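Everything on this sheet refers to the single structure shown next.
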Amino acid sequence: MKRIAYFGPPGSFSDESARYFFAGEEVEFVPYKLIYDVFMSTVSGRTDWSVIPVENTIDGSVSLHLDLLVHEADLPIRAEWIYPVDMNLIGYPNPSGAPEDFSHIRKVLAYHVASAQCRQFLRERLPHAEIEQAGSTAEGVRLVKEKQDPRIAAIGTAMAARIYGVDILKARIQDHPDNFTRFILIGQEVPALRAAGHRKTTILVTLPDDYPGALHQVLSAFAWRRINLSKIESRPTKKKLGSYYFYIDIEAPLESVLLPAALEEIRAIGCQVRIMGTYPSYSYEPSHSEV
């Protein structure tokens, strides 16, 4: 049976997205407490694939995860999917019975990314509560269940609330309703996946040191061929100050007619090009939301 690593414990957003992506498949989901261990489990062969969040509508790219993908885990991207992330206030109701009265809550356990995406709600509805960092959204909910203290709540997923048997006190508390996270699937093996609407390619480009205007030339190689780039981001190479590589998402598969020629043109001016993956891209479909 294939094994899928994700950032856990069970009930995390990574768990939700992995189960959506592999809906109906006979696979084993393996949670890890540290994102580094998620990567390394697949590098070492203990798992077949890893599910990694790399970008969010509100917070942008997850730089740590991109750096681990580039510098630590030489694993190709096999798929991506864009998953809606709803933050929920999870805990025990006010003993007074008043609906949506959170005055009894004195502490909110939240993964740092989750609390950052719910600042407005926390400021307006829970200004009196202490915000304490949890290892993950699911870990916060697990601790609420363990402590069984009405004064302690957590920010987490609806799945975590079901798993641990704790109430959702307020749903969709994120500051922005259209909150999506981009997850990628990495691993050596090509998974058997359902058909996708389109395919993408991700590359890393390192510019030559002695070629003025090299980045302009790189972008021009795509522009005149009308190849769309959905993302370009600079990250330090970690070799010397001022040295960067460019992480580029391309809205075309590697086998498309024009893309190979564009990559050869880039290499011809002295750029180093690393193919991170060419892969199907999926969007969330409500019919697969329950598994």
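The values are calculated or read from the model by the stated rules, or taken from the named source; none is laboratory data. Keep in mind that what you see is a predicted model, and the values were worked out from it rather than measured. Here Cβ is always computed from backbone atoms with ideal geometry, including for glycine, and neighbour counts include all displayed protein chains.
Assorted remarks:
- Residue in the range 71-84 that is under 22 Å from residue 162 (Cα atoms) and touching a residue at least 24 places away in the same chain (Cβ under 8 Å) present: yes
- Hey, residue 121 over 25 Å from residue 244 (Cα atoms), touching a helix residue (DSSP H, G or I) at 6+ places or on another chain (Cβ under 6 Å), crowded, with 16+ Cβ neighbours inside 10 Å and not acidic (Asp, Glu) or not: no
- For residue 275, the stated conditions do not hold, so it cannot be described as surrounded by 11 or more Cβ atoms within 10 Å (Cβ to Cβ) and outside any strand (DSSP E or B).
- Each residue in the range 80-113 was checked for being closer than 30 Å to residue 198 by Cβ and either at pLDDT 90 or above or outside any helix (DSSP H, G or I) (or both), and 8 of them qualify.
- Among the residues making up the range 59-70, those that are part of a helix (DSSP H, G or I) and either in contact (Cβ under 8 Å) with a residue 60 or more places away in the chain or touching a Lys or Arg at 6+ places or on another chain (Cβ under 7 Å) (or both) are 63, 66, 67, 69, 70.
- Out of 186, 152, sole residue that is among the hydrophobic types (A, V, I, L, M, F, W, C) and under 20 Å from the mean Cα position of the chain (by Cα): 186
- Residue check, residue 173 hydrophobic (A, V, I, L, M, F, W, C) and more than 25 Å from residue 34 (Cβ to Cβ): yes
- Single residue of the range 241-267 satisfying the filter (aliphatic (A, V, I, L, M) and not in a loop (DSSP other than H, G, I, E, B)) that is nearest to the chain's Cα centre (by Cα): 248
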